[in-house]
Amino acid sequence: MSSATAVPATSQPDASGHFGPYGGRFVPEVLMAPLEELEIAYRDAQQDPAFHAELDDLLRHYAGRETPLYFAKRLSHELGGARIYLKREDLLHTGAHKINNCLGQVLLARRMGKHRIIAETGAGQHGVATATVCALFGMDCTVYMGAEDMRRQEINVFRMRMLGAKVVGVANGSQTLKDAINEAMRDWVTNVTDTHYLLGSALGAHPYPLMVRDFHACMGKEARAQILEREGRLPDAVFACVGGGSNAIGIFHPFVPDANVRLVGVEAGGRGKATGDHAARFSGGAPGVLHGAFSYLLQDDDGQVSLTHSVSAGLDYALIGPEHAWLHDQGRASYVNIGDEEALQAAVRLSRTEGIIPALETAHGVAEAIRQAPLHPGEIFLVNLSGRGDKDIGIYRENLKELDAGL
Amino acid sequence: MSSRIAQKFDELRQRDERALVAYLTAGDPTPSRSVSLVLALERAGADIIELGVPFSDPIADGPVIQRAAERALKAGATVAGILEMARRIRQHSQIPLLLFTYLNPVLRYGFERLAAEAREAGIDGCLLTDLSVEEAGDYVQRMRAHDLDTVFLAAPTSTPRRLELVARYSTGFVYLVSRTGVTGEQDQVSGSVTSMVAALRNHTSKPIAVGFGVSRRQHVETLRAEAEGVVVGSAIVRLIEQYGASPDLEQRLETFVRELKQGTRAPELAAR
């Protein structure tokens, strides 16, 4: 691990993919040369105007960018404090921000001559987005998903299958995102010559955290311009939920140099820290290596990875993306956690004040904005509304029985 | 000072034998049984033992070794416990012992603490599956300071530049992964082993051991012409899984490994 260097205002990694001491490339040797190849292909694509033109065209005409910035008037009024704006990624094709990165990576895979795509998915949003772009480009698609997640996100499992993807259930360990990534990596080490691993979060070995962030930075760039146009100034705080951290890093990134904008990442507090059933890496974890990257990791004293819990499958993961670890250590972003119950209540509140049912993951970010808004009158809050709640209706019903009974 | 691992390869070279490197997951089925199993492997002719330290998320392992890790963790295996196992093995045996694991358990234990305690416990070296040579600077330095070997993996996808790095950072031997994929038994030895060994020899004169998919005497015989050693893992672990509760496990293991060992000997000296 390299030692910490001077704080880069734009948070770019060093040449070998380290954000400060975090990140890097911790994978079996069989994947090292393919990762070098991927990095070269990515940097090459970044320099190619034709790549950007095709990606921008797809983002606009296929996925539906730019997404609106919506002023949540009733919610803000009810809370009586900060003015809350929502970046409406829930309106994007497939229902979440995940498609931004999938379109970028599928173009890259095609450029590299790889015709088979594999992916992991937790909540199923990344799996659906991957299945979608594979359908669009006629590529073979296999998605690994924890058996527990398949149960709680069954609608997304069917969506993937309808889109032509093969969904492979993983019954190991906690049967959630971590185990799905294990299995996807085993597939990748076996089939690396013709397969691209379309990793869906700002995790994994370099260049994934960098690449995934860059493909999602459109959210922050748009939101920054939109809020300047609407309010004539930058927001005081930006909120986003953090599992691996792709939606958060995408919206944070363009604001990192704006020192007066608070960046707030919201982890899953699950059933509470005392229970051990959570995914709050900064308060409960310590630096370690999982799935290719060095970052804050929930682990035991022997370095075994802990089982996590969150009512939302997309936040239920033991490691936080390495760039978040670096933003945290620099004090540039702060990270809090919101428990299952508070997230569920925030989802109901947003539904009833604004007519927007958010994804359960997203509801964690909304909940923290709701908590802070009354404390900051006169401020402007920006919340990344990273996904819509259709996929979570089953979990909402399970957890909001009084609503389901019509009470 | 030459390490136990280097000495073993020297001795074997003089006898025109290849090294049989035997893997087992330490603590499977129990810590005390592992000690007995290592001694059985040695009696049967194993030359070097890889003591697998179980990790919760073994991405480079197939189902057999994944299940072994689960069993070992359930039985309470820890780095400290496995070092204690090594001390007990050392009361009876001088067989070279190589820790074989993933980075995080070692990172958590601390490189310096591990190197110092492993050396004292009689461990000879270490291999971390997911630690690339690029990230290994601190680790290699600490291990060297305590005279421990560092073995790194070379893979079918490794470029010449990477083979050179892997060979340079490896001491004791270089572990050549014979095919892309996870650990597990295969019907045949990969057809490209000859060319991979040749490519690696362009960069090193260190001994090469070939692993991944080696499980039968015939595989070992095929590889005799290619490399100084072979690694057998999943086939051994599968026997431990099948007969872990049985008192004749050691006997079964010995019979299986004795047969493999024959394949490492010159044909005229090997028992049929």
Which strands (runs of 3 or more DSSP E) sit wholly inside the stretch A:245-322 and have at least 1 residues that are β-branched (Val, Ile, Thr)? A:262-270, A:286-290
Would you point out which residue out of B:LYS261, B:LYS206 is surrounded by 16 or more Cβ atoms within 10 Å (Cβ to Cβ), modelled with pLDDT of 95 or more and in a loop (DSSP other than H, G, I, E, B)? B:LYS206
With respect to the numbered conditions (1) crowded, with 24+ Cβ neighbours inside 10 Å; (2) free of Cβ contacts under 8 Å to residues at least 60 places away in the same chain; (3) among the polar types (S, T, N, Q), which one is the sole condition not fulfilled by A:ASN247? (2)
Could you say whether any residue in the stretch B:75-82 is at pLDDT below 95, open to solvent by 10 Å² or more (accessible area, probe 1.4 Å), out of contact with any Gly (no Cβ under 8 Å at 6 or more places or on another chain) and part of a helix (DSSP H, G or I)? no
Filter the stretch A:274-318 down to the residues that are more than 26 Å from A:ARG151 (Cβ to Cβ) and at pLDDT below 95, then identify the one that is most open to solvent (accessible area, probe 1.4 Å). A:ALA274
Picked from the stretch B:166-191 (must be open to solvent by 50 Å² or more (accessible area, probe 1.4 Å) and either within 11 Å of chain A (Cβ to nearest Cβ) or in contact (Cβ under 8 Å) with a residue 12 or more places away in the chain (or both)), the residue farthest from B:VAL64 (Cα to Cα) is B:ARG168
Can you report the number of residues in the stretch A:334-352 which are farther than 27 Å from A:GLY285 by Cβ and open to solvent by 10 Å² or more (accessible area, probe 1.4 Å)? 4
So A:ARG116 fits all but one of (1) over 21 Å from the mean Cα position of the chain (by Cα); (2) of a type in the set (Lys, Arg); (3) open to solvent by 50 Å² or more (accessible area, probe 1.4 Å); what number is the exception? (3)
Restricting attention to the stretch B:241-272, report how many residues are in contact with a Phe, Trp or Tyr (Cβ under 6 Å, 6 or more places away or on another chain) and hydrophobic (A, V, I, L, M, F, W, C). 1
Would it be correct to say that B:SER170 is out of contact with any strand residue (DSSP E or B) (no Cβ under 8 Å at 6 or more places or on another chain) and of a type outside the set (A, V, I, L, M, F, W, C)? no
When only residues in the stretch A:211-244 that are touching a helix residue (DSSP H, G or I) at 6+ places or on another chain (Cβ under 8 Å) and open to solvent by 10 Å² or more (accessible area, probe 1.4 Å) count, which is nearest to the other protein chains (Cβ to nearest Cβ)? A:ASP214
Verdict on B:LEU103 being open to solvent by 20 Å² or more (accessible area, probe 1.4 Å) and facing chain A (nearest Cβ under 9 Å): no
Only one of A:ASP179, A:ASP187 is without any contact (Cβ under 8 Å) to a residue 40 or more places away in the chain, within 14 Å of another protein chain (Cβ to nearest Cβ) and part of a helix (DSSP H, G or I); which? A:ASP179
Within the stretch A:336-391, how many residues turn out to be at positive phi and touching a residue at least 40 places away in the same chain (Cβ under 8 Å)? 1
Report yes if A:VAL143 is under 30 Å from B:PHE212 (Cα atoms) and within 20 Å of the chain's Cα centre (by Cα), otherwise no. yes
Please specify each residue of the stretch A:113-123 satisfying the condition of being out of contact with any Asp or Glu (no Cβ under 7 Å at 6 or more places or on another chain) and outside any strand (DSSP E or B). A:GLY113
Any chance the stretch B:30-44 includes a residue that's crowded, with 20+ Cβ neighbours inside 10 Å and either part of a loop (DSSP other than H, G, I, E, B) or at positive phi (or both)? no
Which numbered condition in (1) open to solvent by 10 Å² or more (accessible area, probe 1.4 Å); (2) within 13 Å of chain A (Cβ to nearest Cβ); (3) under 25 Å from A:TYR296 (Cβ atoms); (4) not small (Gly, Ala, Ser) is the only one that B:GLU112 fails? (2)
Looking at B:LEU253, B:LEU223 in this structure, which one is open to solvent by less than 10 Å² (accessible area, probe 1.4 Å) and closer than 22 Å to B:PRO29 by Cβ? B:LEU253
Give all pairs with beta carbons closer than 9 Å in which a residue from the stretch A:194-217 that is over 19 Å from A:GLU54 (Cα atoms) and acidic (Asp, Glu) meets a residue that is at pLDDT 95 or above and not in a loop (DSSP other than H, G, I, E, B); count only pairs at least 6 apart in sequence or on separate chains. A:ASP194/A:ARG116
Residue hits (the stretch A:143-155; under 18 Å from A:ALA184 (Cα atoms) and open to solvent by less than 10 Å² (accessible area, probe 1.4 Å)) are A:VAL143, A:MET145, A:GLY146, A:ASP149
Conditions (1) open to solvent by less than 10 Å² (accessible area, probe 1.4 Å); (2) at the interface with chain A (Cβ under 10 Å from one of its Cβ atoms); number of the one not met by B:GLN66: (1)
So which residues in the stretch A:120-142 are open to solvent by less than 20 Å² (accessible area, probe 1.4 Å) and aliphatic (A, V, I, L, M)? A:ALA123, A:VAL128, A:ALA129, A:ALA131, A:VAL133
Just one listed residue, out of B:ASP130, B:ASP124, B:ASP138, is within 12 Å of chain A (Cβ to nearest Cβ), crowded, with 19+ Cβ neighbours inside 10 Å and acidic (Asp, Glu), and it is B:ASP130
Within the stretch A:289-315, residues being on the phi > 0 side of the Ramachandran plot and free of Cβ contacts under 8 Å to residues at least 60 places away in the same chain number 1
For the stretch A:156-166, how many residues are in a helix (DSSP H, G or I) and open to solvent by less than 30 Å² (accessible area, probe 1.4 Å)? 3
Evaluation of A:HIS206 against (1) over 20 Å from A:LEU103 (Cα atoms); (2) open to solvent by less than 10 Å² (accessible area, probe 1.4 Å); (3) not acidic (Asp, Glu) (one fails), failing number: (1)
If A:SER201 satisfies every condition in (1) part of a helix (DSSP H, G or I); (2) in contact with a Pro (Cβ under 9 Å, 6 or more places away or on another chain) but one, which is the exception? (1)
Taking the stretch A:363-407 as the region of interest, how many residues are open to solvent by 40 Å² or more (accessible area, probe 1.4 Å), small (Gly, Ala, Ser) and closer than 25 Å to A:GLY80 by Cβ? 1
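The values are calculated or read from the model by the stated rules, or taken from the named source; none is laboratory data. Everything numeric here is computed off the predicted structure, so don't read it as measured data. We place every Cβ from the backbone using ideal geometry, glycine too, and count neighbours over all the protein chains shown. We work out accessible area using only protein heavy atoms, side chains counted, and drop any ligands, DNA or RNA first. Shrake-Rupley method; radii C 1.70, N 1.55, O 1.52, S 1.80 Å.
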